[in-house]
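Enquirer: Here it is: the structure, laid out below.
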Amino acid sequence: MEPDRRAQVVIVGAGFAGLEAAKILGRSDDVRVTVVDRRNHHLFQPLVYQVATAALDASDVAAPIRGILRRAKNTEVVLAEVSSIDRATRTVHYKDGGSIGYDHLIIASGAQDNYFGHGDWPEHAPGMKSIEDALEVRRRVLFAFEEAEREEDEAQRRAWMTFVVIGGGPTGVELAGSLSEMAHRALPRDFRRIDTQSARIVLVEGLDRLLPAYSEALSARAKRVLEKLQIQVRLGTMVTAIDDGGVLLGTERIEARSVLWAAGVSPSPLGKMLGAPLNRAGQVEVTPELTLPEDPRVFVVGDLAAVIQDGHPVPGLAPAAMQMGRSAARNILRRVRSRPVEAFRYLDKGSFAVIGRGAAVGSIFSKFEVSGLLAWILWATVHLLYLVGFRSRLSVLFTWLYSYLTWRRVARLITFSPRLRRQELAPRGTQPSGAAGEVGSLRTAPTPVPVHAAPKR
């Protein structure tokens, strides 16, 4: 058998950018493609908060990578985590000891939660970057209501019924609004001893307004809608400590058994492995063609890439990542066919943040601002169109219609790992080490941390 002389393209990461690149390259007979990801599924990140609040099931917002690329005969999928990248030998190494060579490389490994150097905070305030995170948030929220139903002590019951969302960007705003709808409309008739409508939801933002990527008018409108949903909005507030029993905002202690993280993201650590210049945020500085300045064979796209356009950074949004992925793929095909490459140009089609039922804010082409029901309809339409797979679109559409008409949440299942089940279902009055219900000693942060809104992915 003759060796396959087609150019080998390796794509690291199957998020929005990596998947779009794989789709384009998968239609070409000029290249061989290998997609490497540490998970076997593509995640529709903008709707993860709905999994966390029991509005959608996990399978509604995730799809197997192999299934998505099954028709691309020139494409292989590898379930592995990258440990290092050797640009000298053009080799990608895996943590399990394997490796693969490349002719062209696309790094699309995205971003991760940033807890500003506080290594113990993820344990107490889970983020929203994965299916595992969303299911953990859902477990904590639903478990909190169950514990409040059984709790005799009024102070402890209030702690179980208090939810603190840290971060006033789109994810934090959407998460807080969805929690309010759950507590005030979906759950009241399901409990006998507690009034779920008395739940306290606190949204914390370090800047002086919510949704800093939007105009001040839209930010103010979002704040008014959230307050109508009985959400306490705390602006210009510093988080100084988080523990099992609550959060410290400056010197004010809020007793809350559910603290949820929607603030701050940092680029994937793969950027540091490339030996290329990084900006202050840790993103890789790329050329207008999205390649490394000294290595045109390596493309960096999505949240990991620092792209400046018209004097402003390209935002960390799903549409931007998708456009970068398509641009990188097309430039690789141009190179393989001995054609000149083209510079990337981001087209801002707009962005939206949903606040609650029939309420959203957003902009179209960065020129036209919309809010209210129209923005909510546009938001729902855009998200349905971007979802991968007909089944997912149909499932989400019917789930949304059902929830809109009935206020019900369809995915209210509390799942435990064996370890968590032993801890959280331990006899009352005991405090097993590491239990989510344990009230530990307050770990005071060395320095206050300003909580800034995480960009919407």
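Every number here is computed from the coordinates shown, using simple stated rules; none is lab data. What you see is a predicted model, and the numbers here were worked out from it, not measured in a lab. Here Cβ is always computed from backbone atoms with ideal geometry, including for glycine, and neighbour counts include all displayed protein chains.
Enquirer: What's the FRET efficiency of Tyr402 with Asp96 using the Cβ-Cβ distance as r and R₀ = 41 Å, to the nearest 0.05? Could you put the intermediate results ahead of the total?
Expert: Values: r = 43 Å, r/R0 = 1.04.
Calculated value: 0.45.
Enquirer: Could you work out the relative contact order of the chain? I mean the mean sequence separation of Cα pairs under 8 Å and 6+ apart, divided by the number of residues, in percent.
Expert: That works out to 21 percent.
Enquirer: Please report Rg over Rh for the range 164-286, where both radii come from the alpha carbon positions and Rh follows the Kirkwood definition.
Expert: With Rg and the Kirkwood Rh in hand, the quotient comes to 1.08.
Enquirer: Return the whole-Å distance between the Cα centroid of the range 102-129 and the Cα centroid of the range 144-205.
Expert: So the separation of the two Cα centres works out to 27 Å.
Enquirer: Please order His312, His118 by the number of other Cβ within 10 Å, starting at the fewest.
Expert: If I rank by nearby Cβ atoms, fewest first, I get His312, His118.
Enquirer: If a/c stays under 1.5 just call it rounded; otherwise compare a/b with b/c (prolate if a/b is bigger, oblate if not). Do that for the chain, with a ≥ b ≥ c from the square roots of the Cα gyration tensor eigenvalues.
Expert: prolate
Enquirer: Normalised by the number of residues in the range 284-334, what is the relative contact order in percent for Cα pairs under 8 Å and 6+ residues apart?
Expert: Values: 53 pairs, mean separation 16.2, N = 51.
Once normalised by length, the contact order is 32 percent.
Enquirer: Give, in nm to one decimal, the length gained when the segment between Asp120 and Asp208 is fully stretched (0.36 nm per residue of separation minus the Cα-Cα distance).
Expert: Full extension from Asp120 to Asp208 adds 29.0 nm.
Enquirer: Moving on to the next point. For the residue pair Arg337 and Arg297, what label-to-label distance in nm results when each label sits 7 Å from Cα along the Cα-to-beta-carbon direction?
Expert: Going by the 7 Å Cα→Cβ label model, 2.3 nm.
Enquirer: Please compute the contact order of the range 73-139 in relative form: average sequence separation of alpha-carbon pairs under 8 Å and at least six residues apart, divided by the residue count, as a percent.
Expert: Numbers: 49 pairs, mean separation 10.2, N = 67.
In percent, rounded to a whole number, it is 15.
Enquirer: Modelled label-to-label distance, Thr381 and Lys272, 7 Å Cα→beta-carbon offset: nm?
Expert: With each label placed 7 Å out from Cα toward Cβ, I get 4.5 nm.
Enquirer: In what order do His93, His42 fall by count of nearby beta-carbon atoms within 10 Å, going from fewest to most?
Expert: His93, His42
Enquirer: Order of Arg139, Arg66, Arg71 from fewest to most other C-beta atoms within 10 Å?
Expert: Ascending Cβ contact count within 10 Å gives the list Arg71, Arg66, Arg139.
Enquirer: Relative to the longest principal Cα axis of the chain, at what angle does helix 170-181 sit, 0 to 90 degrees, rounded to 10?
Expert: The helix 170-181 is inclined about 40 degrees to the chain.
Enquirer: Between Glu285 and Asp310, take the C-beta separation as r, use R0 = 22 Å, and let me know the FRET efficiency to the nearest 0.05.
Expert: Efficiency at R0 = 22 Å is approximately 0.85.
Enquirer: Could you please report the charge total around Ile24, scoring K, R as +1 and D, E as -1 over all other residues with beta-carbon less than 9 angstrom from its beta-carbon? Write out the running numbers ahead of the final one.
Expert: Values: positive: Lys23, Arg27, Arg326, Arg330; negative: Glu20.
Within the 9 Å Cβ shell, the charges total +3.
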